[in-house]
1. What are the residues in the range 49-64 that are surrounded by fewer than 12 Cβ atoms within 10 Å (Cβ to Cβ) and either more than 21 Å from residue 104 (Cα to Cα) or touching a helix residue (DSSP H, G or I) at 6+ places or on another chain (Cβ under 6 Å) (or both), if any?
2. How many residues, within the range 1-44, are among the aliphatic types (A, V, I, L, M) and surrounded by fewer than 12 Cβ atoms within 10 Å (Cβ to Cβ)?
3. Does residue 57 meet the test of being modelled with pLDDT of 85 or more, part of a helix (DSSP H, G or I) and out of contact with any His (no Cβ under 9 Å at 6 or more places or on another chain)?
Amino acid sequence: MANRKRNHQIIIRLSDEEYQTFLEQVSKSKLSKTNFLIKCITRKKIIVIDGLNESLTELKRIGVNINQISKNLNGGIFQNADKELKEIKEEFAKVNDLMLALSHYQRGKSNGSY
C-alpha cells in the first residue's frame, strides 16, 4: 500500500436515512462511492445527463446513414440532391459537436472542471 496515491481511510457513521440518501445520490451520479465523496470534498459539481450515451449511439447511426447517402450520391445514384445533403451534413456536424461537448463535460474533461 506504500505506492498508493490515496492511502488514508475515513470511517463515518450515518443514520439509516442519511445512508439511504447517500446511496441514492451515489447511484444517480454513476460514480463510485469514493469518487463521489472526493468530488464532494473538492467542491466539484456532479452533473449527470441521462440518455447521453444512447443519443451518441443514435447520432453515430445517423452519421453512417449520411455517409451511405453521400457515397450513393457521388456514385450517381441520386440526382440533384447535393444541396440538401450538404445542409444535412452541416446540421449533423453541429448536433454531433454539441453531443460530444456534453459528453466531455459530463466526464469532467471540459477544462478540467465539473
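1. 64
2. 7
3. On the way: modelled with pLDDT of 85 or more: no; part of a helix (DSSP H, G or I): yes; out of contact with any His (no Cβ under 9 Å at 6 or more places or on another chain): yes.
The answer is no for residue 57.
The values are calculated or read from the model by the stated rules, or taken from the named source; none is laboratory data. Nothing here was measured: the structure is a model prediction, and the numbers come from that model. Cβ atoms come from the backbone with ideal geometry, glycine included; neighbour counts cover every protein chain shown.
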